[in-house]
1. Suppose the chain between ARG724 and VAL162 were pulled fully straight at 0.36 nm per residue; how much longer would it get relative to their current alpha carbon spacing?
2. Extending each Cα 7 Å along its Cβ direction at LYS71 and GLN662, get the distance between those two points in nm, one decimal.
3. Non-local amide H neighbours of SER605 (under 5 Å, H modeled in plane, Pro and chain starts lacking H): which ones?
4. Given a 1.4 Å probe and heavy atoms of the protein chains only, how would you sort SER363, SER566, largest accessible area at the top?
5. When Lys and Arg each count +1 and Asp and Glu each count -1, what net charge do the other residues less than 14 Å away from THR658, Cβ to Cβ, add up to?
6. Within the set of other residues whose C-beta is less than 14 Å from the C-beta of GLY475, count the net charge using Lys and Arg as +1 and Asp and Glu as -1.
7. Report, by chain and number, residues whose modeled amide H sits under 5 Å from the one on THR567, excluding near sequence neighbours (fewer than 5 apart, same chain).
8. Please work out how much accessible surface VAL435 shows to a 1.4 Å probe, ignoring ligands, DNA and RNA, in Å² rounded to 10.
Amino acid sequence: MRIRIDLRSRWREWLAVALFAGLAGGLVIAAAAGARRTDSALTRHLVAYRFPDAQIQAGNDSADNRDSYFKKTIAHVRTLPQVTASAETAELGYCARDRYDRPVEVTGPNAVLFTVNVDGRYGVSLRRPKLLSGRLPDPRRAREVLLDSRTAGRFGVEPGDVIPMRVFPVWTPLDFTCDPLHERPEQKGIPLVRGLRQILLACEGAVPCRRRKLLADRLYARLRNGASFARLVRRYSDFPAPGGSQWVLQGQQAAPFDRAAFNLPTGGLSQPIRTQQFGWHIVQATSNIVAIGPLIRLRVVGIAATTDSYPLGAATLTPAFHRRYRSASRYASYSMWVRLRHGAADLPALGAARGDLVPQADSTAKLQPSIHHQAQALWVAAAFGALLGLLLVAPALLRLAAAAAADNRTLETIGMTRAQLHAVDVMRAVAIGIVAAAVSVAIAFVVSPLTPIGVARELEPSPGFAFDVAALVVGAGAVTVALVLVGAFTSRRTPEVHPGRTGSPADTLARWRLPLTTISGVRLALARGPRTSSVPTAATVLSATVAVAVVAVALTFTASLQHLFSTPRLYGQNWDYRTNYDVPLLARTRADPSISDAAQGDETSILVNGRRVTVSAMDDVKGRIGPVVAAGRPPVRTDELALSRNTLATLHLDIGDTVEAQGSRSARMRIVGRVVLPESVCDCARPRGAMTFEALKRLEPDSSPIVFEARIAADADRDATLARLQRAYVHPPPGPPKTVADFEGIRKLPVVASVWLAAIAAVALAHTLVTAIRRRRRHLAVLKTIGFDRWQVFATVTWQALTFAALGLLLGLPLGIAAGRWTWYLFARQIDVVPEPVTPVALILLLVPAAVLLAIVVAAAPAWSAARTRAAVVLRAE
């Protein structure tokens, strides 16, 4: 009966609290569901778009793009019963510039790879693209291209734009300036190439070649009379290229063929030419003589989600491109993409395939960490949101309980027990919790299109609304249980507390002879008062403290992150330039005055106690570089090894322990240090261990130096030296590691959370002031009766708000600084960098005037309302 009476009389207040709790709970559940959705986006993307289980890659060592040797691998693999689908692609050599006239990298960490869809199965039966804009390329059109979002950003293009690009019919080791819009590069000495088509009549021996000469003369006559060159090629030629088309390098052919090919005018037809190696040739020049390949204007028709491992960009060309430009292009490598019947379990069946086998799990392992970091950020936001939601909902439930408690003595008099009164408060919380849970689920579903975040947003296979049953059901239950527990807590009997007890802070301020407005404001802020006029001061102080603390945490974390970005030593980069593209001669390095220290070696994976670990094996060749050591010392002997913190923890090892290291050979090694290593300059796993290059040669005797590190001398021109090294060794100057750079996408999250928490604290403060004025109208009326004017009442309420702000600052700043440093320490350990937190003292001190100003602004409206209180009306009503 009591519940029914309360519901009829106060249902609006119940509904308001339920809606408010549902809003807070919905945002928290949405953050939790978004974290789950973000963390699983990559895995679901791989399944939805039929990603392969493995890639078999082989370099192209032939003089042209004949891939017959790789065809044998393809034919063998496709006959395996474990293979359910496959596709063949090739990596194209090219020259291009972006819309800002900057050359696009073709190797190194910022490279863009152009993949040629050789057999038409790539992107259809395997590795289907997820379109973000535009459409898929037409496989019948040679000049249409699909870019991933990373490549589109590097080129600065959108669907409909054109990318001018040149391809190369041959590789040349000579350096030149890439300028696809001009045929001649700036540097001289580049071999010339020319497009042509030929009819080859192969023969060996004098008699067969005389017979072939007669056929060649007849074909030449027919061509002079207008016969179709392509038709004669199909019928008679022994040269396998479509239409007989090819690009040839001057000086690399037989002398008679070379003279004819490069002396003909464009479109000219040669008489039959005899070469001893092949037979009779009829050649027609199809292009001008150029230093690089043909200019191709590719039209961007679509942009897809980025799925290649960081930081490479990808572009996909059509099967028509392969058919049309195969003879004019040079492929760096061929790849076969394979989907297996039982996934990774069938990988051993591919062991005999010719080429490098790359499991899909290796590529996934390079993308997932950044996605996981962003999911963790959402979990942190959900945790803080849950805490602050409770801080705001608890006072509202306390106010409902206090309003109902006014009748408790009467109800006890007519026979209700204390347990029954307690049950009434709990049942009220249950009713509010059920409504709040339903609202939370609805809000979480409505805001679900805002997730996933970061990289995962592109990969999400089912964007839009998502109903995460587990997250929503658990979240709804948590909202209900939390409100019931808060309701049970607030139903406890509140003791009578009077604001005028001896020894209060207000009495202390009075002895210090501070103004009466200050004393009254502090007294009203800290005294809860009798039950009928009680104010949730404790919850307000707690919310202000938490808000200040979280802002301090955010400032400390952001400053520490910025410090990490600006201090390469913290993420293991104690050199200025690094490359794995080419290793200079030792004499050249030692004679270079702009390089003070240098090292060379290799990065590879070995087994440490049976677990695979990527190690950086470097030997100093000039000065000393060495790895960044967080504890212990760097390895200097061939039986010494240093590992990262996380690797030591995973292997349950410590400095001083002995391990079994295994490559092609095995050796016992002692751990002498804990190191921090940066990301690799190649598209490889981040090194987690360090040793000398001589130590690596004990395990892998065939190793040779392929990685070069350099530190620029203090008196050298840093920018000019870096530019020179980049031109010489391809790789651009280094940046922060992937695990740090990926966090850039959520770098603003601490600031956003700070603003959100400050807004919540302001709402809590405004709620407290409005409640205090409503419930303590008599106190304010008495103050006006004894002589307070409007401005003094205004100042009293303002001092009440300033008291809450002062307590929040006094308690929250030290807690926030300590928590921020601890949070950064945990984050640094997780991403394996040197934990060196930074406390931004100047920014944190700015919180004091900011909090004071916010308190004054929030208190303005309630204070003005209190100042207009009519004392006579209030006291007469009392």
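The values are calculated or read from the model by the stated rules, or taken from the named source; none is laboratory data. Model, not experiment: these values are computed from the prediction. Quick reminder, even Gly has a Cβ in these numbers, built from the backbone with ideal geometry, and neighbours come from all protein chains shown. Areas reflect the complete protein model, heavy atoms only, side chains present, ligands, DNA and RNA absent. Shrake-Rupley method; radii C 1.70, N 1.55, O 1.52, S 1.80 Å.
1. Details: separation 562, 0.36 × 562 = 202.32 nm, distance 3.09 nm.
Extra length available between ARG724 and VAL162 comes to 199.2 nm.
2. Result for the modelled spin labels: 4.1 nm.
3. VAL615
4. Details: SER363 35, SER566 80 Å².
I get SER566, SER363, largest accessible area first.
5. Details: positive: ARG637, ARG668, ARG670; negative: ASP639, GLU640, ASP654, ASP657, GLU660.
That works out to -2.
6. Working: positive: ARG36, ARG37; negative: ASP468.
Net charge around GLY475: +1.
7. Here the answer is none, since no amide H 5 or more places off falls under 5 Å of that of THR567.
8. 60 Å²
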